[in-house]
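Working notes, beginning with the structure itself.
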Amino acid sequence: MFDALADAMRRRAIQRLSQGPVRAGDLAKELGLAPPAMSRHLKVLRDAGLVSETHPEFDARIRIYELKSERLDLIRDWLARAEAGWSQQLAAFKKHVEGGQ
């Protein structure tokens with residue numbers, strides 16, 4: 001997931017998808033990308049499990065992408081645990097530096 005989110009354009013796509021589902025072509029226009037480039041970014045996000053793709057019954061050529069927020073929750077949870085660990089380490093270091101050991 002972190003590899004997929006390392007790219008600024010994919011983070012912009014995630015930000016836009018957090019507002020709701022959107023057609024791939026419309027997302028490309030909003031982000032100022034050519035459709036093939038947007039397709040490559042969406043494939044990376046889809047492979048990472050961050051977005052899902054659906055097709056309306058009336059036209060299988062249309063691809064609608066939606067954010068899978070539960071995957072972002074995993075990152076959020078990991079970051080919260082990491083931050084708690086860092087805070088504990090920094091508090092212990094501060095205590096040590098201030099002579100409280």
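The values are calculated or read from the model by the stated rules, or taken from the named source; none is laboratory data. In this text, all values refer to a predicted model and were calculated from it rather than measured experimentally. Cβ atoms come from the backbone with ideal geometry, glycine included; neighbour counts cover every protein chain shown. SASA here: full protein model, heavy atoms, side chains in, ligands and nucleic acids out. Shrake-Rupley method; radii C 1.70, N 1.55, O 1.52, S 1.80 Å.
Residue by residue, here is whether (1) at positive phi; (2) not in a loop (DSSP other than H, G, I, E, B) holds:
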{"position": "13", "(1), (2)": "no, yes"}
{"position": "28", "(1), (2)": "no, yes"}
{"position": "38", "(1), (2)": "no, yes"}
{"position": "44", "(1), (2)": "no, yes"}
{"position": "49", "(1), (2)": "yes, no"}
{"position": "57", "(1), (2)": "no, no"}
{"position": "61", "(1), (2)": "no, no"}
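What residue, among those in the range 31-66 that are touching a residue at least 40 places away in the same chain (Cβ under 8 Å) and under 14 Å from residue 4 (Cα atoms), is most open to solvent (accessible area, probe 1.4 Å)?
Checked the range 31-66; the qualifying residue most open to solvent (accessible area, probe 1.4 Å) is 47.
What is the one condition in (1) modelled with pLDDT of 95 or more; (2) assigned to a loop (DSSP other than H, G, I, E, B) that residue 100 does not satisfy?
Failing condition for residue 100: (1).
Cβ-Cβ under 6 Å, sequence separation 6+ or interchain: first residue in the range 67-87 and free of Cβ contacts under 8 Å to residues at least 60 places away in the same chain and over 18 Å from residue 15 (Cα atoms), partner open to solvent by less than 80 Å² (accessible area, probe 1.4 Å) and assigned to a helix (DSSP H, G or I). Which pairs?
That search, which allows pairs on different chains as well, returns nothing.
Going by the conditions given, is residue 20 at positive phi, open to solvent by 50 Å² or more (accessible area, probe 1.4 Å) and not aliphatic (A, V, I, L, M)?
No: the conditions fail for residue 20.
Determine, yes or no, whether residue 70 is acidic (Asp, Glu), exposed (fewer than 12 other Cβ atoms within 10 Å of the Cβ) and under 19 Å from the mean Cα position of the chain (by Cα).
yes
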